[in-house]
Amino acid sequence: MSDFKIQIERFGYAYGNETALRNITLNVRRNSILAIFGPARGGKTTLLRSINRLTDIGEPGTHSGRILLDGQDIYAPGLDVASLRRRVGMVFALPVALPMSILDNVAYGQRLRGVRSPSRIQDLVQQSLEAAALWDEVRDRLDAPATSLSGGQQQRLSIARVLALEPEVILLDEPTAALDPISTAKIEEALVTLKRQYTIIIAPHNVQQAGRVADDTAFFLMGECIEAGPASQLFTVPRDQRTEDYITGRFG
Amino acid sequence: MKERLIGFLLFMSALVSIASLAVITFFIFEAGLPLIFRVGIGNFLQNSIWQPSGKTPQFGIAAMILGSVWVTLGAIMIGVPLGLAVAIFSAELAPPWLAAVIRPVLQLLAGIPSVIYGFIGLTILAPVVRAAFGGPGLSVVTAALILGIMILPSIVSISEDALRAVPRAYRDGALAVGATQWQTIWRVLVPAARSGIVASIILGMGRALGETMAVIMMLGNALQVPRSPLDSATTLTSNIGLELAYASGQHREALFATGVVLFVLIMILNLLANVFTGRLVLWRSRAPSLSTMRTLWRNRVPASDRRSS
Amino acid sequence: MNRQLSQRFAFGLLWSAASATIIILAIIVMFIMVQGLPYVNLAFLTGGPIAQGREGGILPAILGTFALGALSLIIAVPLGVGAAVFLTEYTRPSPLTTIMRFGTDSLAGVPSIIFGLFGFIFFVTRLNLGWSLLAGGLTIALMVLPTLIRTAEEAIRAVPVAYREVSYGLGASRWQMVRTVVLPNALPGIVTGIILSFGRAVGETAAVIFTAGTALNIPTSVLSPTRTMAVHFYILAVEGISLPKAYATGAVLIATILVINVVANLLITRGVARAVRR
Ligand SMILES: Nc1ncnc2c1ncn2[C@@H]1O[C@H](COP(=O)(O)OP(=O)(O)OP(=O)(O)O)[C@@H](O)[C@H]1O
Ligand SMILES: [Mg+2]
């Protein structure tokens, strides 16, 4: 089996006439955190959404090239999109608590799969909330409406909700964009622990966050992957002038 | 598999509306058209003698068509000014608490059964009309007044939506060049919302034209061509409503034929209204903003006028 | 100066129009209530009519009204909500959806007498259901379908896109997403549409009289003919059977409509769809 959990090969994506991604080639190592960063409209969100095919909903677009998960093309005809999305979970920029109880939120994905056993659900909910560093805050009120949680708690709930699916890959699109520094720190800590079990791709909130959590990094600009490599190398000796300009804050 | 089945069922539900429309059209036409062809379209529409059960039956609906036209136009004359006024009031003038009263009031007006309206016309309005103007009381005026109120909710609702949809900038722009609030409303907002307002009028016409029970109760049901607004009359709908229960054979066919005429008229009105609201796009144009801008320019407040305020 | 004056005048007219509308409603409701309520008592509500309604109560008409309303909703609600879900979640705007919408809009504009004609020739005669609850229910179901579709669509569109993304993102199939996220959150709006549709069924006369009939007995099956309150009111009033009983029936009818509207409005103000006032 390849070292790479995900291989992106000459991948492109366009919303109608608007090309959002061009010829992206990128590999994601197993049990690592890859940070995709770059200025706005670079295509980060589009790439993340392409990896679990959330791009299928919403405006119809066209893709080219391949994305392989464990060597298997996720755009292959006949592939079960629902099971792909269970293997590849997504956390969005804005925290979303579904208007149901905390427990139901976390159990949501498993129940969709038909898991009914209360004890199994209970275990999964607890494990996931613990892994997302939320358990201690909500253990006494699992039946409370999830919308009563704070923004930072809701975002950790979103992470727990994905973890409860027992996915293989977790995608996070600027997960701390709407959060305060303390909540941000909690989530970043959780991520570093989580990579032992999962492969993680994050579009960080800023370059500093990429530096704090990433093993590997990729710099995206105007729909192209300008440069990719280990975080230590890319942040210290970038090969491309545009990467250096961005990191040192000269634009973006 | 289950997904597929559900998707298919939902698709079928979405088809029900258009399918029922087709089935309704088919059965009304099937039951009514033969008679129209037998007596001839011209004769059917222009003959004002309706004697469905005589020795030599006559099927002419001209009197009913005229009755419908009088009543509908009368209802529009009452309902449109009032409705437009209420729409402008709710969209532009009403303090929030009053707007919060008017909304459910209109909703209730829309919810009150036609038979109640008809009854009010019959017991309150008709005697007043008779006392004030003479005539039988159960007359075109009576029916038009009540129908005008019955179509009020449709007119207000659609016009108000249209008025509210006018971009803020139009209002601000007009006020900025020194127009009074009323000038802004009358010269800028109303013209900008006119397609919606026209649609509301057309739909109001459809409502008035189609109303049956209230008209039966208020119009006196005289099979005659009305000569004055104080006369009794019969409409396409009221004649169907009155006679369907006991009609048979040719007579019943003739009532369905009347239904065909009514249905065609209503569909034409619906189609027009849909074109005006842009729900049914028959041709694509980028014109609205341009034409509205032209209206704005044509109705701009002259500089001399601006200073005086 | 002139401009200020004309504004004064115009605004005066607008205020009068709005006040007139409110006063007209008040007159209608008060008139029927004041004339009718004195005759409404328990015996009237729970008793059967005597001599075509000249004496006695209106229990069969009340039951007929509710049975007809319920039956038409049982038929129309799944279709209406299904159509709304299809139009919002299962398809993109296309010529096909334009046709579907055209069908809904046109159906909304078809007058009740046409529904009456159709129900009579098709359900009563062709399908041989006779004057019956079922024929009436099917006819009214078609009549209220556009209202149901519109309110459900509005309510569904108001459900945040983010909920859908989360649900899909967690591996929901389309129907699972609809069932667990869209429908629960659109429910209050859908219920509003259902209540308003019930109101239409209660107030309808022209379409009911030729499909459900005018029989004054308590319906025992969906094939029984029946008479609704609105039809009963019409017959009492027009055939001059009993004016006091007509007023009393009118009062019960108006009270029912009032309750329906109040309930619908409570739901609306609890943050859901705007009612279809048309
Ligand atoms: N739904 C959409 N429809 C059309 N174009 C889109 C859509 N979403 C994104 N785009 C376009 O695709 C390009 C890439 O956008 P994307 O959101 O993937 O960038 P991003 O790197 O995530 O930006 P940001 O940092 O602002 O989140 C942009 O030019 C954007 O305008
Ligand atoms: Mg983004």
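Counting Cβ atoms of other protein chains within 10 Å of each Cβ in B:24-32 and taking the mean gives 5. Among the protein heavy atoms, those of B:TRP70 account for about 80 Å² of accessible surface (1.4 Å probe, every chain in place). For segment C:172-242, the solvent-accessible area works out to 30 Å² per residue, with a probe of 1.4 Å and every protein chain left in place. For chain C, the percent of C-alpha pairs falling in each 5 Å distance bin, counted from 0 to the bin holding the largest distance, reads 1, 6, 11, 13, 14, 14, 12, 10, 7, 6, 4, 2, 1, 0, 0. Peptides C:34-41, A:159-166, C:126-133 ranked from most to least packed by the mean count of surrounding Cβ atoms within 10 Å: A:159-166, C:126-133, C:34-41. Per-peptide packing, taken as the mean over residues of other Cβ atoms within 10 Å, places C:43-49, A:216-222 in the sequence A:216-222, C:43-49 from highest down. In this simple spin-label model, placing a label point 7 Å from the Cα along the Cα-to-Cβ direction at both A:ARG41 and B:VAL23 gives a separation of 5.2 nm. Buried accessible surface for the B/C pair, both sides summed and rounded to the nearest 100, is 7700 Å² with a 1.4 Å probe.
Hey, any idea what % of the protein assembly as shown's accessible area is carbon plus sulfur with a 1.4 Å probe?
Values: 21200 of 34840 Å².
In the protein assembly as shown, the share of accessible area belonging to carbon and sulfur is 61 percent.
Legend: Rg and Dmax of segment C:1-90, from Cα coordinates, 23.8, 69 Å. Measuring between alpha carbons in the structure, the pairs from A:LYS5/A:LYS44; A:LYS44/B:LYS2; A:LYS44/A:LYS186 lying more than 27 angstrom apart are A:LYS44/B:LYS2. Figure legend: label point modelled 7 angstrom from the Cα of C:ILE74 along Cα→Cβ; residues of segment C:223-240 with amide N under 13 Å from it are C:223-224. The label-point distance for B:ASP172 and B:PHE11, in a model that sets each label 7 Å from Cα toward Cβ, rounds to 4.7 nm. Take the Cβ atoms of A:ASP240 and A:LEU79, set R0 to 30 Å, and the FRET efficiency comes out at 0.30. Over chain B, the alpha carbon radius of gyration divided by the compact-protein estimate 2.2 N^0.38 Å works out to 1.20. Rolling a 1.4 Å probe across all protein chains gives C:LEU42 an accessible area of roughly 130 Å². Based on DSSP H segments of at least four residues, each scored -39500 (n - 2.57), chain B has a per-residue ellipticity at 222 nm of -22500 deg cm²/dmol. In a DSSP loop and with at most 13 other Cβ atoms within 10 Å, the trypsin sites (Lys or Arg not before Pro) in segment B:193-268 are B:ARG227. At an R0 of 41 angstrom, the distance between the Cβ atoms of C:VAL34 and B:LEU45 translates into a FRET efficiency of 0.35.
Return, ordered by residue number, the residues of segment B:83-117 whose backbone nitrogen is under 13 Å from a label point located 7 Å along Cα→Cβ of C:ILE22. Correct set: B:90, B:94-106. Averaged over the residues of peptide C:172-184, the number of Cβ atoms from other protein chains lying within 10 Å of each residue's Cβ is 4. Per-residue mean of foreign Cβ neighbours for C:245-252 is 1 (Cβ atoms of other chains, 10 Å radius).
Computed over chain A, relative contact order equals 28 percent, with contacts defined as Cα pairs under 8 Å that lie 6+ residues apart. Counted over the protein assembly as shown, the DSSP beta bridges are approximately 60% antiparallel. Ordering of A:45-54, B:13-22 by packing is A:45-54, B:13-22, highest average first (other Cβ atoms within 10 Å, averaged per residue). Solvent-accessible area of B:LYS2, all protein chains in place: 140 Å² (probe radius 1.4 Å, heavy atoms, ligands and nucleic acids excluded).
With contacts taken as Cα pairs under 8 Å at a separation of at least 6 residues, segment C:17-277 carries a relative contact order of 31 percent. Near B:THR258, once Lys and Arg are set to +1 and Asp and Glu to -1 for all other residues with Cβ below 14 Å from its Cβ, the sum equals -1.
The values are calculated or read from the model by the stated rules, or taken from the named source; none is laboratory data. Since we're looking at a predicted model, the values are computed, not measured. With ideal geometry, Cβ positions are generated from the backbone for all residues, glycine too; neighbour counts draw on all protein chains shown. To get the accessible areas, we keep the full protein, side chains included, count just its heavy atoms, and leave off ligands, DNA and RNA. Shrake-Rupley method; radii C 1.70, N 1.55, O 1.52, S 1.80 Å.
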